[in-house]
1. Between the DSSP loop rule and a limit of at most 13 other Cβ atoms within 10 Å, which chymotrypsin sites (Phe, Trp or Tyr not before Pro) in segment 184-250 are left?
2. Rounded to the nearest Å, what's the spacing between the alpha carbon centres of segment 171-238 and segment 86-140? Just the number, please.
3. Based on the mean of other beta carbon atoms within 10 Å per residue, what is the order of 20-31, 154-165, most packed first?
4. State the label only: which of (i) 19.3; (ii) 21.9; (iii) 18.8 corresponds to Kirkwood radius over Cα pairs in Å computed from the shown model?
5. Might you tell me the accessible area per residue for segment 86-204, computed with a 1.4 Å probe and given in Å²?
6. For segment 30-99, run through the trypsin sites (Lys or Arg not before Pro) and keep only the ones in DSSP coil with at most 15 other Cβ atoms within 10 Å of their Cβ.
7. Calculate the dipole size of the chain relative to its Cα centre from +1 charges on Lys and Arg beta carbons and -1 charges on Asp and Glu beta carbons; express the result in debye to the nearest 20.
8. What is segment 188-239 by shape, rounded, prolate or oblate, if you read a ≥ b ≥ c off the alpha carbon gyration tensor as root eigenvalues and call it rounded for a/c under 1.5, prolate for a/b larger than b/c, and oblate otherwise?
Amino acid sequence: MVRSKSEKSARRIFTTLGVGFSVIWALAPIYWVVVTSLKTSREIYAYPPTLYPHKLTWSNFEASIWGSQFIRYVWNSAQVAVAVTIISAVVGALAAYPVARMRFKGKAIAARTIVTAYLLPPSLLFIPLFLVLQSMGLMNTKTGLVVAYLTFTVPFCTWMLIGYFRTIPAELDEAARMDGASRIQTLLKVILPIATPGFAVVALFAFTHAWNEFLYALVFVHSNETKTFTAGLNGLIMGDTFIWGQLMASSVIAIIPILAIYIVAQRYIVEGLAAGSVKG
C-alpha cells in the first residue's frame, strides 16, 4: 500500500514536471518576443542579454504603428484570412458531407485524394501556382493569395469535417429525408448546427494558416497595397541587419488577433478536435 502511494506520488511529480517543462518550452519564445519589443536598441544588443527590460520603452510599437505601413499589412492579412476561412469552411462542408454520409462509386478514392492533396507540401505547388496565377492575371493581388491558400486549407478542412460528420448519428439524416428535406437542407438545418465545434476547428486552422503563411505572400505579391504582414516583416530585414525592436513589436501586434480568437473559441476547438479524432 505504501509502495502504491509512493508510485502515485512519483508519477504525479513527473507529470507536473513534464507539464511545466512543456509550458515553459512553448511560452519562452513568446515571452522573449514580448520582452524584446519593450527594450531599447542598446539593451537589445547588450551582452549578456537581459531577461526583462531595465528601461521600458514603447518606441518600437510607435514605429510599427505610426512610422511604417505595418497596420495596412495587418489589414491585408485579415482580409485574405477571413476570405480563405469562409471559402474553406463552405467548400469543405459541401465536399465532406457526401464522402461521410452518402454511398457512391469512387468514394474511397475521393477520400484518399483529399488526404493526398492535404499531405502535399505547399512548396511543391509553388511553381505551378505561380504559372496559374500569372495566366489568370492574379499576381500581386489579394485574390491571388486567397486562391493560393485554398490549395492547402480546403483539403484539410474537408478531411477534418469528414471525420466529424461521421460522429453524428446517421438516423438524423434519415429522419430529415423522411420529412422531405433535400440533401442540402439536411446539411444546412440538421448537420451544421450539430457540427459547430468541428467548424470552429477548421475555421481556426484556415484562418491561422492564411494569417501566418510566408512563402506565397513573399513571392506572389510585392506592392505595399497588397502585402500581408508576414511579407511586411521581411522588409525589416536588410541584408544582415535586423531591426529587432520594431520586428518584435510588429510580431506582438500580429499575435494579438490569433490569441484573441483562440481564447474566445477555446471550448469549441477542444470539442471539435476530440470529436473529429474519434472516427475518420
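The values are calculated or read from the model by the stated rules, or taken from the named source; none is laboratory data. A quick note: this is a predicted structure, and the numbers were derived from the prediction, not measured. Methodologically, a virtual Cβ is constructed for each residue, glycine included, from the backbone with ideal geometry; neighbour enumeration extends over all protein chains shown. With ligands, DNA and RNA removed, areas are computed over all heavy atoms of the protein, side chains included. Shrake-Rupley method; radii C 1.70, N 1.55, O 1.52, S 1.80 Å.
1. F214
2. Comparing the Cα centres of segment 171-238 and segment 86-140, I get a distance of 13 Å.
3. Put in order of decreasing packing, that is 154-165, 20-31.
4. Computed from the coordinates, Kirkwood radius over Cα pairs in Å corresponds to (ii).
5. Accessible area per residue: 52 Å².
6. Answer in residue order: K55.
7. It works out to roughly 860 debye.
8. The shape class here is prolate.
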